[in-house]
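Quick note: the coordinates plus some simple rules give every number you see, no bench work behind them. Please read all numbers here as calculations on a predicted model, not as lab measurements.
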Amino acid sequence: MSFNSPKHSKKLQSSGVNENKFTTLSEDFDEQISHQDLATSKDLIQIEDNIDLMLIKLNQKIDSVGIRLEKSIADLGTKLSILICASSFSMMTILLAFMMFLHSGK
């Protein structure tokens with residue numbers, strides 16, 4: 001950002017500000033502007049591009065977590081089915097053994 005000294009000089013002189021005051025004001029203003037960190041359009045575009053890239057990476061991570069979660073749920077379902085089948089088989093075995101015990105006692 002630059003300070004248009006001639007343009008503002010005319011405005012200030014027409015308002016009654018003398019040249020010494022204008023010079024001081026102009027130098028102070030230029031110094032303040034030159035020491036500030038101002039974002040340019042290019043800086044803003046770069047920031048927007050960085051945000052877009054981060055958003056893409058974040059969505060990829062979310063998708064990856066979703067896939068892993070779905071796989072874990074499926075694995076748990078399989079394990080639960082196996083546990084239920086094994087438990088049923090064990091109960092049937094115990095019942096058959098008990099029935100054989102009762103039958104052999106007669």
Inset, instruction - Could you count how many Lys pairs in the chain have their Cα atoms under 25 Å apart, skipping same-chain pairs fewer than 8 positions apart? - result: 7
Inset, instruction - State the extension gain, in nm to one decimal, for the chain segment bounded by Leu25 and Arg68, taking 0.36 nm per residue of separation less the distance between their alpha-carbons. - result: 9.1 nm
Legend entry - Structure-derived Cα extents along the principal axes in Å: which label, when the choices are (i) 128, 20, 19; (ii) 43, 28, 26; (iii) 75, 32, 23: (i)
